[in-house]
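**Q** Here it is, the structure, as C-alpha cells.
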Amino acid sequence: MERIKYSELRSTPKLWGLLAILGAFIGAAALTVLYIEHHGHIVTGMNNQIVWGVPHVFAIFLIVAASGSLNVSSIGSVFGKQDYKPVARLSSLLAMALLMGGLAVLVLDLGRLDRLIIAMTTYNFKSIFAWNVLLYTGFLGIVAIYLYAQMARGVHSFALKTAGMVAFLWRLALTTGTGSIFGWLVARNGYDAAIMAPLFIAMSFSFGLAVFMLTMIGTCTLTNRRYAVELRTRQARLLGLFVAVVLYFTLVQHVSNLYVVEHQAFERFILLRGGIYTWLFWLGQVFIGGIVPLILLFHPRLDVKKGLVILAAALVVIGGLIQLYVIIIGGQAFPLEIFPGYEVSSSFSDGIINKYSPTYLEFVLGFGGMALATAITIIGMKILRIMPVNLSDENVDITQV
Amino acid sequence: MSKEKIANLQRRNFLKSGAALASVTLASGVTLMALSQGAAASADPNIRWGLLIDTNKCPSDCDDCVSACSNEHGWENNGLLTDPQWIRKVTLKDKQTGRENSLPIMCQHCEKPPCVDVCPTGASFKRADGIVLVDRHICIGCRYCMMACPFKARSFVHEKVEGQKSYSPRGKGTVEGCNMCVHKLDAGDGTTACVQACSASGNGAMIFGDLNDENSEISQALANYPSVELRDDLRLNLGVRYSNI
C-alpha cells in the first residue's frame, strides 16, 4: 500500500478546452446580467406573483449542494472514515466553488445589483436572509481554513478534526438557514413547515454527494487518474441511502400537510391537479430523481458500474433541480388564501393559479452559475494539490471502515 | 394658534423648503434621501394610523380608490403580470351562501409586519406611527418581503419608471407598496388619496384616522360595530380593518 500522493492538474488541450466552454457559459451569463440590469426584470418570466424564478432554483440547488459536498470531508475527518480522506480536499474545494456559483446567481438576480455592498454592510438581524449572508461568508472562510489544514504539512490531527467539526456544524447551520428561508414563510401554504430545514439538509446530502461523484469521475476521466472502485462503490451506495432519506422526508412533508385541513388544497394542487407541477413532482422529483437512482444503485442484478453511477448521480442532480422548482415555483403558483371559504377574483391574480413562463435568460444565468462553480473547481485543482494521483483500491485504507 | 407656534411652523416650513431647494441641485438619489429622512423624522409615536373599510358600502363596479392611488403615486396597471398594484379591488363570493361583496386590499400596515422581519437590509421598516414603508435607498430588490407578505400587498418594479411624483419616489429593481400617502399625512392633510376618492364618490366606505385616539371617527366606528382583520390567525394586528365581509 502506497501513501496517497496529490498533484495539480496538468495543462492539457482538453482542460483548456473545457475551461473555454465554461468561460463561454460564464460570459453569456454576464451579458445576461447586464441585459436584465439595463431593461429590468420585465425581460425575465418572473412577475409580481412568481417573484422568485429559475435563477433561484439554480442558486439554491448550488448552495444546498455546496454544503452537502463537504460531507465527504466530514466523513473522513469528523467521523474518522479513512477511505474518504484521499478525496477530502476535493470535497472542500467543491463546497466552496458550489457556494460561490450559487451566491453569484442569487446576487446577480437582485433588482439592485449595484447595492450589493448594502446587503453586506446593512443587516436586519431578525431576517433569516441576513443570517444566511453571514452563514455563507462564514462557510467560505471556515472551509478555506479546513482545506488548508487538510493540505498543510505538520497539522496536528486534533486541529484537523476540530476544523472539520466546526465546518460540519457550520454546514448544518447553513442548510438549516437555507431551508428556513421557506420554512418560516408563514403566509404561504406551500412553505410554513419546520420540516423544510431537515428536508433541505437531506437534500444537501444527496445533491452534494451526487455533484461530488460526478466531479470526481469527470476529473479522473479527463486526467487519466484512478477513482478506487471500492471507494466509488461505497460512495454510490451512500448516495442511494441519501436519495432514500430525501424521499422519506418528502413523504413526511406531504403526509403532514395532508393531515392539516388548511394545507389540503395545496397538497391536492401539487400531488394531483397542479398540471406541470404535479408532473414535475411525480415524474421528475420522485421517479427520475428518486426511484430510478435507487434502482440503479441498489438493484441486486446491477453491479454498481461507472456508467450506472454517472447516470444515477446525474439523475439525482436533475431530480434535485426539479424538486427545487416544485418547492420554489409551485409554492408561489398556488394562490394565497387571504379569504378562507370564499371564491376570490381580482386584477392581481387573486384566487387563481399563478402563471410563470421562464425565459431563456433565466436559464443562461443559472447555467452560468453552474459553469462558474465548475470553473472555480477546475482552477482550484489546477493550482493546488487537490486530486490524488494514485487512488487505487490497493491504496485506499478500508480496514478502519 | 399662538404666535410662537405659528413662528415655529413657519420656520419648519422654511427649513423644509430649504432642504427641497438644496435637493434640486443635488443628484436624484440625494433628493430622495432628504425627503425620506424628513418623513421619518415627523412620525409621531403616539399615533397609529389605520383604515376601516365597510364592504357593504363598497360597490363592486367602483374602483375610485384604485384610480386615486394610481394617480397619486404614479403607478400604472395595464393588465400585465409585471405591473405594480399598490391597491386592488377583490371580489368575494361566499362558497356556502353565494353572497358576493367587493373590497379593496392594500398594505395592511401590520403591527408585526412579516415583510419587516424578513428584509435582510432593513429596507422594509415600520414608522413610529405604524406606517410600513420601503426605504428605496437600501432596498436591494431581493423580493423576500413579497414572499413573506400574506396579502400580496407589495409589487416589484420590473421596468424603468417614468412620470414619477417627487413626493412618492419609485425605482426599477426595488419593491413598493401602499405607503398610506405618507407625504399627505406628513403635510398635515390627515387623510389618504383612496379615502378622499371614496368620500368623493359618495360611497363613504373608507374611514381613515388614528387608532390610538379613542375619540377619532375610526376608533368610534371600531368600538361600536363589528370588524375583522384579514388572516387574523397570524396575529399580526393589522392597521387596516374590514366590516361586513
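**Q** Which helices (runs of 4 or more DSSP H) does segment A:212-324 wholly contain that include 2 or more residues that are within 17 Å of the chain's Cα centre (by Cα)?
**A** It comes to A:229-259.
**Q** Something else: Quickly run through segment B:102-117 and pick out the residues that are assigned to a strand (DSSP E or B) and either over 22 Å from residue B:76 (Cα atoms) or facing chain A (nearest Cβ under 9 Å) (or both).
**A** Once the filter is applied, which keeps residues that are assigned to a strand (DSSP E or B) and either over 22 Å from residue B:76 (Cα atoms) or facing chain A (nearest Cβ under 9 Å) (or both), segment B:102-117 yields only B:105.
**Q** Next question. Could you please find all residues in segment B:118-165 being within 10 Å of chain A (Cβ to nearest Cβ), surrounded by fewer than 21 Cβ atoms within 10 Å (Cβ to Cβ) and aliphatic (A, V, I, L, M)?
**A** Matches in segment B:118-165: B:161 only.
**Q** If you don't mind, there's one more thing I want to ask. Considering only residues that are assigned to a helix (DSSP H, G or I) and of a type in the set (Ser, Thr, Tyr), which ones fall in segment B:223-234?
**A** Within segment B:223-234, none qualify.
**Q** Can you go through B:120, B:84 and tell me which one is closer than 15 Å to residue B:148 by Cα and assigned to a loop (DSSP other than H, G, I, E, B)?
**A** Numbers: B:84 fails: closer than 15 Å to residue B:148 by Cα.
Step by step, each of B:120, B:84 is checked, and only B:120 is closer than 15 Å to residue B:148 by Cα and assigned to a loop (DSSP other than H, G, I, E, B).
**Q** Same structure again: Please give the number of the condition residue A:246 fails out of (1) closer than 16 Å to residue A:90 by Cα; (2) crowded, with 23+ Cβ neighbours inside 10 Å.
**A** The number of the failed condition is (1).
**Q** Criterion first (under 21 Å from residue A:7 (Cβ atoms), outside any helix (DSSP H, G or I) and over 17 Å from the mean Cα position of the chain (by Cα)) does residue A:111 satisfy it? Walk me through it before giving the result.
**A** Working: under 21 Å from residue A:7 (Cβ atoms): no; outside any helix (DSSP H, G or I): yes; over 17 Å from the mean Cα position of the chain (by Cα): yes.
The answer is no for residue A:111.
**Q** Testing residue A:394 on (1) within 14 Å of chain B (Cβ to nearest Cβ); (2) more than 23 Å from the chain's Cα centre (by Cα); (3) surrounded by fewer than 20 Cβ atoms within 10 Å (Cβ to Cβ), one condition comes back false. Which one is that?
**A** Failed condition: (1).
**Q** Could I ask something else about it? Take the residues in segment B:68-81 that are outside any loop (DSSP other than H, G, I, E, B) and surrounded by 15 or more Cβ atoms within 10 Å (Cβ to Cβ); name whichever of them is farthest from the other protein chains (Cβ to nearest Cβ). Show your work before the answer.
**A** Initial filter on segment B:68-81 (outside any loop (DSSP other than H, G, I, E, B)): B:68-73.
If we keep only those that are surrounded by 15 or more Cβ atoms within 10 Å (Cβ to Cβ) too, we end up with B:68-70, B:72-73.
Numbers: B:68: 16, B:69: 13, B:70: 12, B:72: 18, B:73: 16 Å.
Taking the candidates together, the pick is B:72.
**Q** Could you count how many residues in segment A:39-92 are in contact with a strand residue (DSSP E or B) (Cβ under 7 Å, 6 or more places away or on another chain) and not in a helix (DSSP H, G or I)?
**A** Residues in segment A:39-92 being in contact with a strand residue (DSSP E or B) (Cβ under 7 Å, 6 or more places away or on another chain) and not in a helix (DSSP H, G or I): 2 in total.
**Q** Now for a separate question. Consider residue A:133 against the criteria (1) at pLDDT below 95; (2) more than 9 Å from chain B (Cβ to nearest Cβ): it satisfies all of them except one. Which criterion is unmet?
**A** (2)
**Q** Here's something else I'd like to know. If you scan segment B:174-222, which residues turn out to be outside any helix (DSSP H, G or I), within 29 Å of residue A:112 (Cα to Cα) and aliphatic (A, V, I, L, M)? Even if it seems obvious, please write down each step before you answer.
**A** Here is the first cut: in segment B:174-222, the residues outside any helix (DSSP H, G or I) are B:174-181, B:187-192, B:201-216.
Pick out the ones that are also within 29 Å of residue A:112 (Cα to Cα) and you get B:174-181.
The answer is B:175, B:180.
The values are calculated or read from the model by the stated rules, or taken from the named source; none is laboratory data. Computed from a prediction, not measured in an experiment: that's the story for all the values here. Positions of Cβ are generated from backbone atoms using ideal geometry, with glycine treated the same way; all protein chains shown enter the neighbour counts.
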